Amino acid sequence: MELKDIVPESGFAFNGKNPEKPSNTSVEADFSEFGKVKVDSLKESILDIKRLIVGRRKLSEEIFESGEKLKTEINNFLIENDSLKTDDPMEGRDVSKQKSDLRYKKIEVSELQMNEKISCWKDVALLKKELREFQGQLLEKENRMDMLKDILEDKE
């Protein structure tokens with residue numbers, strides 16, 4: 001006797017459900033929960049990268065402002081002490097050397113500021129690249145979830 005010839009009588013139900021029409025709600029829930037975890041993880045990663053970009057730019061601005069304050073202090077000191085002249089040639093050389101050293105420090109601060117701008121730009125560019133990758137993955141996952149949801153709804 002073959003089982004394939006046995007047809008259930010009309011109204012026959014297994015646990016209240018028609019065995020010929022399987023319920024997709026549990027499968028659909030499993031897919032949506034699985035996909036939701038990945039999507040949520042990607043969204044959190046995207047937010048973290050955006051925070052890092054903002055933080056890096058803020059840090060760069062703070063460093064640049066500190067450099068500007070230092071250069072202003074050096075300028076003010078040089079202007080205040082520009083009129084200092086001494087009769088002693090040895091002391092005059094020391095003052096000239098100190099002023100020269102301060103001007104050199106001002107140049108060094110400017111170089112550090114330029115290097116910071118470049119470093120900030122590089123860091124932000126790398127973070128934006130990573131951000132684009134995560135956004136692409138998120139879009140792909142959301143599209144897949146929508147497609148699976150559509151497929152599961154069509155089967156019902």
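Results, tabulated for the structure shown:
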read-out	value
C-alpha center-to-center spacing [segment 122-156, segment 45-64] in angstrom	24
Cβ-placed point charges (K, R +1; D, E -1), dipole of segment 101-156 about Cα centre in debye, nearest 20	520
Dipole-positive endmost among Val54, Gln113, Leu78 within segment 31-155 (Cβ charges, Cα centre)	Val54
Sites Glu133 and Lys38 - FRET efficiency at Förster radius 22 Å, r taken between beta-carbons, to 0.05	0.90
Relative packing of 111-117, 94-100, which averages over residues the other C-beta atoms within 10 Å, highest first	111-117, 94-100
Cα shape, segment 31-155, gyration tensor, a/c 1.5 rule	prolate
Point-charge dipole on Cβ atoms (K/R +1, D/E -1) for segment 31-155, about Cα centre, debye to 20	320
Potential extension, Glu62-Glu140 segment - 0.36 nm per residue separation minus Cα distance	24.3 nm
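Coordinate-derived values only; no laboratory data. What you see is a predicted model, and the numbers here were worked out from it, not measured in a lab. Positions of Cβ are backbone-derived with ideal geometry, glycine not excepted, and every protein chain shown enters the neighbour counts.
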